[in-house]
Structure formats: C-alpha cells, structure tokens
Amino acid sequence: MTEPVDGILANDFDLVLRDVSVPAAALVAPGPAPERAPRGLLQRLDVGVRGGRIAALERGLPRGAEEVAAAGALLLPGFVDNHVHYREPGADAKEGYVTGSAASARGGATTIGEIQNNRPLVTTASQWRAKVVSVEARSRVRVLAYGCAVAGNLREVRELARVAPGVKLFMAGDPDLEVSELSALRAVFTEVAAADGLLVLHAEHGPTVREGLKRFGERAVDFSRARSAEAERVAVEQSIELCAATGARIHLFHVSSAAACDAIRAAKARDLPVSAAACAHYLLFTDSDVAARGALLKCNPSIKSADDRVALRAAVRDGVLDVIQSDHAPHPREEKERAFGLAPSGIPGADLFLPLWLALVDEGVLDLDQLVARGALGPARLHRLDDRGRIGVGALADLVLIEEKAWTVAEEDFASKAKLSPYVGRTFRRRPAQVWVGGKLVFDRARSEDLAALERAAPPPLQALGAGGGGPASSVCC
C-alpha cells in the first residue's frame, strides 16, 4: 500500500502540475476582492487536481495519474473573455463554436461570454435554452451565452435576464438591433433590474453615429470622427444615469475613449453598479493606424486618438476599466479586403487574447497582478462565478501554463476561421503552452490539430432558435 503524505495518497490526483509559478494575486478565496491583495509575488508550488477541481496547493505533492513538469513556468487561472462573437447559429461559416472555442482556448480563455449579433437573434428565454444545449456540445471551453434586448422583445427581457448571464443591448447598430429611444431604454434597464440580471452594453449613441457617418462618410481616414468619442460619451452617460435611476447592474463593453473613461470614473465614485471593459486593439493602435491599414482595423466603436489610447491604458491600470475582453469578431478574408466603406467591422482576437495582454504587461502598461484582476478575477466576480478566475482549493481546474519563447505571428497560428489579422508579423514573448478546463487538456501547443476533422465529427450546429429569432443569417454589428 502506498504511504500517505500529509493524508494524501500517491495517485490520489488526476493531474499534478509540478513546480509552477503562480501570481500571489491569483491565490485568493472566493467572494469580494480583498482590500490588500498581495502584489508582485510569484509563489512556487505544485497544483493537484481531482475531479475537475483544484484539490491541493503545496510543494512536494505525491504523484498524480498525469504529471506535468513545469520547471517554474508561469501558471495563470483560466481567463474569462466575456465578449466574443462565434456567429453560431446562422453565420457559422464565419466561425462557429468548434473553431471559435479552439481559438479561445489557444488564447488562454477557459470561459467565454458569447453574443449572438447575427440573425437569428436570441431574444427569448426558450431560444436561449435551445442555443445553450446546442453550443455547449460543440465548445471546448465554458460558455456564457448572452441574450439580446431589441425593440420588439421588451416583454421577454425580464425572463431572459433571469436565465442568461447577461442581456446585450446595442444603443447603435442595424435597425433590428438598435435600442436608442429613451423610453425603450428605460424599460430595458427596469426589466433587467427587476430580474437582478446584468445588462451589457454597446454604448454608442445611435443618432450621433448616424449624423457622424452622414457628415464624414465611412472612410478610414475619418472613421474616428464618424463614429466619434462624442457618440460614446453620450451613450455612456445616458447608461449611467439610467443605472442610477433603475438600479440595474451594467457592464460597458469595449470602451474606446478618454471621455467615456471620465464618465465611468465618476460613476464609480458614486458607488453605482457600473463595470467597464477594455480591448487590446484600443490600447495598441490609434486612428492613424486605421488610416494607414484600412479595414483590417475597422471596428465598432472606432479606434480613436493617441490621447484616447493614453487614457485607456491608465484606466486599465487603475481599475476604471476593470475587465479585459477580446471582442473576437471574425469575418472572412474576402469581406475584410473590400473597400473600407463596404467591409464589415470587427477584429479577430481570440487566438491572441492572452499574448496581447502579456505583451502589454511586458511593455509596463499594467502589471501581472492587474492582468489577473482584469482578465480572470474581475470578470468572474462580475458574472458571480466564485468557482473560477482564481487558483485555490475547490476552484475549477481551469488553468493556463505560459511559455516564454519569442515568436512571430503567422496566419497558421490561428484556430479561428478568420486568418486576416492586424497582428500577423508582430513578435511576442509569451503565450499559452497548455490549457486545461476542469483538469482536461483542451489545448497543447506541442500537438497539431485537424480542426476541419473535429468540426465534421462534432454534433451539427443548431439551424434555428424557434419563434422570434428573426430573419435570414447576416452579420448586423461587429
């Protein structure tokens, strides 16, 4: 019989990650963020996994059924990327859950928040349930599927907010998505508050966007003026005041301007239930890059000025923007290579989610503890998921082992169907080497994958959502 070590038998673990370096900021208990979390410390230890959860954290653990010798490599909790578009059902030729979730795993996200912004839209609780059953069978990462609030489903919003992890509201967009009239906005905020749900917002003011596009046109050189900082500021301030009036919890996606950061900072000073997110492309590029590179960097909201970029970097660092996300928005090459005004908006970012943010850490924009807080702990707490976003006994064994190895991005690095990326040719220093979800290895950089074969073998995608989903398949936002 094997002798126990501190009451634990050898092979009592399904998996042991041996000699990893874990940021002390990730080694926290569930619940509210500690007032003084440890900062700047890396702890060397072994991680024992049993039954899909972390069972032990200490040096010298007995052997497990599987072993990984990490030799001091950085181990992070699986990140929660709470803003992706996989286009399934309806436009899964652009992505789908098989390739989309493979891209997210490759990028270090083990939980994703996915928004159906192409028809058929998810506008009722029954449609949401049908979608979740289908996509969870096709995903290799954990799924938070959002519903949508549109002008035609106000009676459905409260029940949708009760079951879905978030209800997405587009304050600017195509007519079948946009809700910008004040009484309708107030109704959505009120219904979500009554359900104690979370309202996630694309905060651009639709009328201001339309006026800007009319005045400046849809040209790369003027896109940040057409979809302006003013359009974002108006919508963000309107959302904050509706939050104050109704008590709805709100989360502002893809903040792109200094003016929006100022409004969010003021809302947090009022102790309002407001959270806000940053995407890497707004911290890495400016509108000058858009003018030079065209539709490759076309996205909604637009990428703005160098001064806005400075403000966004500071807002991520100080927690005004308390979540990071990819806003993975895949489109085929032939669509993104059209003239700027005809090309769809959106930048693919799932495959490079963690590498981009680790590069910003290396640049000194934020530190590793802040990265863990914004990418793992923060979004997990936002969505009331105490079982993830951290490395602790009892937490889900959603883990990312990082390798330090200089590499230059090539199209073949992407699991996503969207291979055309503004990051191709860019060199990074760190990236995920192995990723586990519930202790199961879902990505190993040392192994090649035939994603086309995996897609053929997966359960077929859902083709319809039932009554109310609306219209033929097409992309209607980003």
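Backbone N atoms of region 180-198 closer than 18 Å to the 7 Å Cα→Cβ label point of residue 211 belong to residues 180-183. Count charges around residue 146 for me, please; just the other residues with Cβ under 12 Å from its Cβ, Lys/Arg as +1, Asp/Glu as -1. Its environment carries a net charge of +1. Taking 0.36 nm per residue of sequence separation and removing the Cα-Cα distance, the residue 265/residue 44 pair yields an extension gain of 75.9 nm.
What is the sum of charges around residue 125, taking Lys and Arg as +1, Asp and Glu as -1, for the other residues whose C-beta is under 13 Å from the C-beta of residue 125? After counting each charged neighbour, the total is +2.
Against the chain, whose longest principal axis is taken from its Cα atoms, helix 125-136 shows a tilt of about 40°. For the chain, the longest principal axis of the C-alpha atoms and the axis of helix 182-194 are separated by about 30°.
Full extension of the chain segment joining residue 181 with residue 463 gains 98.3 nm, where the gain is 0.36 nm per residue of separation less the Cα-Cα distance. Near the amide H of residue 389, within less than 5 Å, lie the amide hydrogens of 78, all on another chain or at least 5 residues away, with H placed in the peptide plane.
One Cα centroid belongs to region 199-219, the other to region 101-157; the line between them spans 25 Å.
Computing FRET efficiency as 1/(1 + (r/R0)^6) for residue 241 and residue 129, where r is the C-beta to C-beta distance and R0 is 35 Å, gives about 0.60.
Which aspartates and glutamates, if any, have their Cα less than 15 Å from the Cα of residue 304, not counting same-chain residues under 8 positions apart? Leaving aside aspartates and glutamates fewer than 8 places away in the same chain, those within reach of residue 304 are 204, 218, 222, 230, 232, 287, 289. For every other residue with a beta carbon closer than 11 angstrom to the beta carbon of residue 111, add +1 if it is Lys or Arg and -1 if Asp or Glu, then tell me the sum. Its environment carries a net charge of -2. Here residue 174 and residue 403 are evaluated by their C-beta separation; at R0 = 45 Å the FRET efficiency comes out at 0.60. Listing 215, 431 from fewest to most neighbouring C-beta atoms within 10 Å gives 215, 431.
Region 226-287 and region 42-63 have Cα centres separated by 40 Å.
For the chain, the longest principal axis of the C-alpha atoms and the axis of helix 229-246 are separated by about 80°.
Straight-line cross-link reach from residue 268 at under 23 Å between alpha-carbon atoms covers these lysines, not counting any fewer than eight positions away in the same chain: 168. Residues of region 416-449 with an amide N closer than 19 Å to a point placed 7 Å from the Cα of residue 292 along the Cα-to-Cβ direction: 421-428.
Taking a straight Cα-Cα cut-off under 19 Å and skipping sequence neighbours fewer than 8 places away in the same chain, the lysines within cross-link reach of residue 419 are 94, 298, 336.
We did not get these values from a lab; they are worked out from the coordinates using the rules stated. Note that the structure is a prediction, hence the values are computed from the model and not measured. Glycine gets a Cβ as well: all are built from the backbone with ideal geometry, and neighbour counts include every protein chain shown.
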